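The values are calculated or read from the model by the stated rules, or taken from the named source; none is laboratory data. Since this is a predicted model, take the numbers as computed values, not measurements. Positions of Cβ are backbone-derived with ideal geometry, glycine not excepted, and every protein chain shown enters the neighbour counts. Side chains are part of the model used for accessible areas, which takes the heavy atoms of the whole protein and leaves out ligands, DNA and RNA. Shrake-Rupley method; radii C 1.70, N 1.55, O 1.52, S 1.80 Å.
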Amino acid sequence: MPGNLRRFLAVSAAGWCPAGGRSFVTSCRAVVLERFGGPEVLELRPAVGVPDLKPGEVLVRTRAVSVNPLDLRMRAGYGRSIFEPLLPLILGRDISGEVAAVGSSVTSLTAGQEVFGALHPTAIRGTYTDYAILAEEELTLKPPSLTHEEASAIPFAALTAWRALGTARINEGQRLLVLGGGGAVGLSAIQISVAMGCNVVAACGSRSFERVLSAGAEKVIDYTAEDIESAIKGNFDAVLDTIGRPETERIGVNLLKRGEAASLADRYGLGVGLPTATAILLKKQLRYRFSHGIGYWWTYMRADPEGLQEICRLAEARKLKVPVDRTFPITHTREAHEAKEKRLVPGKVVLTVD
């Protein structure tokens, strides 16, 4: 038995085999993606191997995972040039559950603790599984006041928002515009910014109005019925565009105070696509800096222990919440994806794992 797992004993594909309250797991259920396509390509397998833990890794007994837009896009083929050679994949980024085992160098977590966190966007063994593996810095203790379902909806979206706000160097008293404020990233950005003492204006669809106002936005614009630029007075210190269309980019640039990579790789291949994406970003950065005197960035979620701790603190204080609209058992992952894809559920969908 590997040294970094020497405290854990027996195996069971179905779950726990108690031995002094501890277990060692070699296989478990997982939702596997063998090929790209619609929800029908997702397959729940009863016995998928669980790799040995590396020194800095944590084995988490999954209780709930949220369904992110990235999961749907990856299932349909986004990032194909990166992920196709690595098939089969396990989707899923967010997780809430209990620590089942820790690697030899893990110091902040111990078996039995309730945790939540999120994997990096490029991870190939995700969280749609009974037992997930995450790095120590990708996890923190779950606030006791949150259910596993509530906790699983937060980290990936909130860390994406946290990094974007950090990149923009948002400070107390500044003014922020969030385009797409009704989504999980937008709602997270609003709540984090308000907690920092910022004034936030958001644009979203009409059915998200109540949530966006409850999150702390001082003004909400229905982008399906109003002209955003006409409806807003004044300019902003930062604009967070969670929609990413040419029109929202134009609006964001025009409303700032003066003074996409995987898709291109899929289209042109890694050798051409990634340099092309870098060139496009640099071109936009130079153009907007000289024409408008503003900075322009693309941002992505990444592990950030400091950010995760702050997100945990805000969630515990009920200053950060991503509403869960519907839950599905992990045995109904196809139905969960279909519900999100057809927009039958406006907010977060969570998979529960028994």
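Within the accessible area of segment 174-243, what % is carbon and sulfur when the probe is 1.4 Å and the other protein chains stay in place? On segment 174-243, the fraction of accessible area on carbon and sulfur atoms equals 44 percent.
The accessible surface of segment 79-157, taken with every protein chain in place and a 1.4 Å probe, is 58 percent carbon and sulfur. In segment 89-222, Cα pairs under 8 Å separated by at least six residues give a relative contact order of 18 percent.
Measuring against 23 Å, Cα to Cα, the residue pairs LYS219/LYS319; LYS319/LYS348; LYS142/LYS319; LYS142/LYS340 contain LYS142/LYS340 as the ones spanning a longer distance. Taking a ≥ b ≥ c as the square roots of the eigenvalues of the Cα gyration tensor, segment 119-162 is oblate, since a/c reaches 1.5 or more and a/b is not larger than b/c. Under 1.5 on a/c is rounded, so check that first for segment 20-136, then, if it is not, pick prolate when a/b is larger than b/c and oblate when it is not; a ≥ b ≥ c are the square roots of the alpha carbon gyration tensor eigenvalues. Here segment 20-136 falls in the prolate category. Rounded if a/c is under 1.5, else prolate if a/b beats b/c, else oblate: with a ≥ b ≥ c from the C-alpha gyration tensor eigenvalues square-rooted, which is segment 174-260? Cα axes put segment 174-260 in the rounded bin. Taking packing as the residue-averaged number of other Cβ atoms within 10 angstrom, the listed peptides 45-51, 303-309, 160-166 run from highest to lowest as 160-166, 303-309, 45-51. Per residue, the solvent-accessible area of segment 33-142 (1.4 Å probe, heavy atoms of protein chains only, all protein chains present) comes to 35 Å².
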